[in-house]
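Chemist: Below you'll find the structure I mean.
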Amino acid sequence: MKRGHFVALMAALTMLACGALLAACGDDDSGSGDSGSGNAQLIEANPDNAGKEITVGSKNFTEQFILGEIYAQALDAAGYDVKKDLNLGSEQIALRALKGGDVDAYPEYTSTALTSFFDVQPQDIPKDAEQAVDEAQSQFADEGLVAYQPTPFTSANAVGILKEKADELGVQTVSDLEGKSQDLTLYGSPECRQRLDCLVGLQEDYGLRFQKFTPIDIGLRYDVLDKGQADLSIIFTTDAQLSTRDDVVTLEDDRQVFPPGNVTFVARQQAAEEAGPDLQQTVETVQEGLTERVMQELNARVDVDREEPRAVARAYLRESGYIE
Amino acid sequence: MTDLRLAFLSDFADALDFIFNTREAQTGGVEVGGLAEVLDFTWEHVKISAVATGIACGVAIPVGLGLGHAGKGELLAISISNVGRAVPSLALIAFFVAYLGVGFTNVTLALVLLALPPILTNTYVGVRQVDRDVIDAGRGMGLRPDQVVRRIELPLALPSIFGGIRTSAVNVVATATIAPLAGVLTLGDYILSANVYGQDGRLAGAMLVALLAIAVELFFAAMQRLAVPRGLALQQPAG
């Protein structure tokens, strides 16, 4: 590459980064001219992408906000003209927004996609993440959507219990609850009550009967354990609290009622073609560092430390060397 | 245009079908919808709304009458009760979890706080609007203060009080949709758990809640009309 080109490219990159991240530029020293070169993973702005608009969506909870921000900021660094719509609600709404063209792409869990969109029974979901993604990909393709490679981390529902209570009852797996569950209260989201991958599965596949199932706002899933109202509460394996607290444990799902879900970035075929190859490459590159441990940590920064998802995503991208 | 209208109509037809016939849940495994389930949720919805509105009446009407009669302290009372309305009910429920747990009591209390301000304000204003000459005449005839409240101020303030109850009851019916987030299965479950019930279920839930709110509105509008003392009804149009 000629020197002149290189300088022009760097200038364009800096301008793009600053222009799109106006708010972020004010509070850091990214203008100092340190190029950070030598980092192989660094996302470079491709001038071909300038003016190509991509709207990134997400569902309405912490993990989704963070993922949406990570993808949006990475694509922005790659030179795209990125817009965000990060509070779409449930997967049904998100899917509608995607098909309707309100968003061009959003992150979805393969398990959710298979059960909620494609009528696959939870027990029929492939236990292997790659296989689950293959199946989701072919289903999405029929709908004019493309699903990219999955994230390293897996997110699933889990039965949460205070460690003290688990020791007292002597339970480690969900099966261990047999003969004890009729005296225990279970709390979960309103949806859980009638889902095969939740209460219905616990009742039918494990044959468990609970003293009472109480629907609650998922934001309260740890509160009800802490206040002693719930003996058992449905939580998520990537929850921040599982990495920051050692008094809550999950019971092993030994009969696989809760299907594992890796996240796949789903885009409209047409939008993906217009965006060119950098879209897929950028998305699949930035998610490489997202292990279960990292995702728990990022969730913790938002849920426990009360940081903004935007700032948390930016810190992840920067610490991993994807952006400067 | 025609296509759009037809699509719109078929959405409604699907929602109606959801109300009358059971079907397999979107997520599989269980039957949802159908009249029996709809009636269960409706009954729970009506029950919690009625209890909350009833308690709010029991608190706000006496306080409003007392303040209206005395003609002071209304700023404090109305400011305090408005706090209940300013804080979103969902936040109140989350706050009460620490003290009451989740369930009927918790949701009822949150709804009571939502229902208080309109009833209190309308009772106070209704009493203050009573013609001073009428009260003076009552006093002149030897009525004690409590008799003035019961026999003059309360009857004459009734239309205004019922107006307040009407506003509160409609608010409460609409807000009781969040109850499934705190352990009470109202019609809101159809709206909140659309992944299970599907879009048809969600629309059905929204329609049922809207119908219920309209029914409550009409009921209290009729009550308000009936509550107008005959003497007043001759003076001015009811309502």
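No value in this document is a laboratory result; all are computed from the given coordinates. Everything quoted here is computed from the prediction, not taken from an experiment. Reconstructed Cβ throughout: ideal geometry from the backbone, glycine too, with neighbour counts over all protein chains shown.
Chemist: How large is the helix-only mean residue ellipticity at 222 nm for chain A, computed as the sum of -39500 (n - 2.57) over DSSP H runs with n ≥ 4, divided by its residue count, in deg cm²/dmol to the nearest 500?
Modeler: Details: 13 runs with 124 residues, N = 324.
Value at 222 nm, helices only, nearest 500: -11000 deg cm²/dmol.
Chemist: If you don't mind, there's one more thing I want to ask. Cβ under 11 Å from A:R245's Cβ, A:R245 left aside: what net charge do those residues give with Lys, Arg +1 and Asp, Glu -1?
Modeler: Working: positive: A:K163; negative: A:D226, A:D239, A:D246, A:D247.
Summing Lys and Arg as +1 and Asp and Glu as -1 gives -3.
Chemist: Run a plain Debye calculation on the range B:2-229 (Cα atoms as equal point scatterers, no solvent) and give log10 I(q)/I(0) at q = 0.17, 0.18 Å⁻¹, rounded to two decimals, same order as the q list.
Modeler: Computed log10 I(q)/I(0) values: -1.13, -1.20.
Chemist: Per residue of the range A:162-176, what does 6.51 cos²θ - 1.76 cosθ + 1.60 with θ = phi - 60° give for ³J(HN,Hα)? Whole Hz please, x for Gly and Pro, Karplus curve as stated.
Modeler: Running phi through 6.51 cos²θ - 1.76 cosθ + 1.60 with θ = phi - 60° gives 5, 4, 4, 5, 5, 5, 4, 7, x, 10, 10, 10, 5, 4, 4 Hz.
Chemist: When chain A is modelled as a GNM with alpha-carbon springs shorter than 10 Å, which of A:Q280, A:Q149, A:Q229 fluctuates the most?
Modeler: A:Q229
Chemist: Sorted from largest down, what three extents in whole angstroms do the Cα atoms of the range A:157-251 have along their principal axes?
Modeler: Cα extents, longest axis first: 33, 28, 21 Å.
Chemist: How much FRET efficiency would the formula 1/(1 + (r/R0)^6) give for B:D146 and B:L39, where r is the Cβ-Cβ distance and R0 is 30 Å, rounded to 0.05?
Modeler: On the way: r = 44 Å, r/R0 = 1.47.
Result of the calculation: an efficiency of 0.10.
Chemist: Can you give the Rg to Rh ratio for the protein assembly as shown, taking only C-alpha atoms and Rh from Kirkwood?
Modeler: On the way: Rg = 29.0 Å, Rh = 27.1 Å.
Value, to two decimals: 1.07.
Chemist: Continuing with this model, one more query. For a quick check: with amide H placed at 1.01 Å from N, whose amide H comes under 5 Å from A:T55's, ignoring anything fewer than 5 positions away on the same chain?
Modeler: Residues meeting the amide H criterion: A:K83, A:D104, A:A105.
Chemist: Now a separate question. When the helix-only estimate is applied to chain B (DSSP H runs of n ≥ 4, each -39,500 (n - 2.57), divided by the residue count), what is the mean residue ellipticity at 222 nm, nearest 500 deg cm²/dmol? Let's see the in-between values first.
Modeler: Details: 11 runs with 185 residues, N = 239.
Estimated from H runs of four or more residues: -26000 deg cm²/dmol.
Chemist: Work from the charge dipole of chain A (Cβ charges, +1 for Lys and Arg, -1 for Asp and Glu, about the Cα centre) and give the residue of A:P122, A:I70, A:T185 farthest towards its positive end.
Modeler: Towards the positive end, the residue furthest out is A:I70.
Chemist: Can you give the local net charge around A:K83? Use residues other than it whose beta-carbon is closer than 12 angstrom to its beta-carbon, Lys and Arg +1, Asp and Glu -1. Numbers along the way, then the final one.
Modeler: Numbers: positive: A:K52, A:K84; negative: A:E53, A:D76, A:D81, A:D85, A:D102, A:D104.
After counting each charged neighbour, the total is -4.
Chemist: Something else about it: Taking amide H atoms as placed 1.01 Å from N in the peptide plane, list the residues 5 or more away in sequence, or in a different chain, whose amide H sits under 5 Å from that of A:T173.
Modeler: Amide H to amide H, under 5 Å and 5 or more residues apart or across chains, A:T173 pairs with A:E252.
Chemist: Test of understanding: in a Gaussian network model of chain A with alpha carbons linked when under 10 Å, which of A:Q241, A:Q270, A:Q256 would top the mean-square fluctuation ranking?
Modeler: Taking springs between Cα atoms under 10 Å, the residue moving most is A:Q270.
Chemist: Now for a different question. Give the lysines whose C-alpha is closer than 28 Å to that of A:K59, dropping any in the same chain fewer than 8 places away, or say none.
Modeler: Once the sequence-local lysines are set aside, what remains near A:K59 is A:K83, A:K84, A:K99, A:K127.
Chemist: Straight distance only, please: which aspartates and glutamates reach the Cα of B:K72 with their own Cα at less than 20 Å, same-chain residues fewer than 8 apart left out?
Modeler: Of all the aspartates and glutamates, those that pass the test against B:K72 - Cα under 20 Å, at least 8 places apart if same chain - are B:D131, B:D133, B:D136, B:D146, B:E153.
Chemist: Under a crude label model (7 Å from the Cα following the beta-carbon direction), how far is B:L90 from A:A311 in nanometres?
Modeler: 2.4
Chemist: Can you list the lysines whose alpha carbon sits under 23 Å from that of A:K227, skipping same-chain ones fewer than 8 residues off?
Modeler: A:K163, A:K165, A:K180, A:K212
Chemist: Go ahead and set up a Gaussian network model of chain B, Cα springs under 10 Å, then flag whichever of B:L143, B:L67, B:L203 fluctuates most.
Modeler: B:L143
Chemist: With no solvent and one equal point scatterer placed on each C-alpha of chain A, evaluate the Debye formula and give log10 I(q)/I(0) for q = 0.11 Å⁻¹, two decimals.
Modeler: For chain A at q = 0.11 Å⁻¹, log10 I(q)/I(0) is -0.73.
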